[in-house]
Amino acid sequence: MSDTAHVLEASRLIEGKGFFERLLDFSFQYFIMQKYAKLLYGIHLLLGLIVGTWYVFNGFQASTSQGLLSLLLAVVAYFLWILYVRVALEVLVAVFRTADNIARASGAGRES
């Protein structure tokens with residue numbers, strides 16, 4: 001088979017694997033980062049929102065002025081959290097895409 005055929009066959013095999021099969025792949029031949037980056041992004045945004053809400057709630061329990069200050073700080077912190085998580089995930093996805101492209105260019109592919 002030609003190199004292109006190997007890459008196409010490997011990509012079909014990759015798509016056939018489920019989440020838990022990829023997660024429990026001890027040979028680390030399959031990357032899960034690219035496929036589940038959206039899910040990780042959503043989970044991290046939700047966790048940041050929960051922490052911010054908890055922080056504001058505790059601030060209002062102490063006093064109204066501390067609650068308003070907590071609200072302002074939570075909004076700023078949440079924006080910075082969104083920025084941090086987005087950049088970190090973009091870097092990770094770029095690294096995994098680069099590794100994938102290098103493997104394809106070298107002809108190694110991800111064959112079992």
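The values are calculated or read from the model by the stated rules, or taken from the named source; none is laboratory data. Here the structure is a predicted model, which means the values were calculated and not measured. Glycine gets a Cβ as well: all are built from the backbone with ideal geometry, and neighbour counts include every protein chain shown.
Does any residue of the stretch 81-101 turn out to be basic (Lys, Arg), surrounded by 11 or more Cβ atoms within 10 Å (Cβ to Cβ) and either in a helix (DSSP H, G or I) or in contact with a strand residue (DSSP E or B) (Cβ under 9 Å, 6 or more places away or on another chain) (or both)? Yes, there is a match, as at least one residue in the stretch 81-101 is basic (Lys, Arg), surrounded by 11 or more Cβ atoms within 10 Å (Cβ to Cβ) and either in a helix (DSSP H, G or I) or in contact with a strand residue (DSSP E or B) (Cβ under 9 Å, 6 or more places away or on another chain) (or both). In the stretch 84-107, the residues that are at pLDDT below 90 form Cβ pairs under 6 Å with partners that are of a type in the set (S, T, N, Q), at six or more places apart or across chains, as follows: Phe96/Gln34.
Within the stretch 32-52, residues that are free of Cβ contacts under 8 Å to residues at least 24 places away in the same chain sit with their Cβ atoms under 7 Å from residues that are of a type in the set (D, E, K, R), at 6+ positions apart or across chains, in these pairs: Ile32/Arg22. Only a single item in (1) exposed (fewer than 14 other Cβ atoms within 10 Å of the Cβ); (2) modelled with pLDDT of 75 or more; (3) more than 26 Å from Gly107 (Cβ to Cβ); (4) within 25 Å of the chain's Cα centre (by Cα) is not met by Leu68, and it is number (4).
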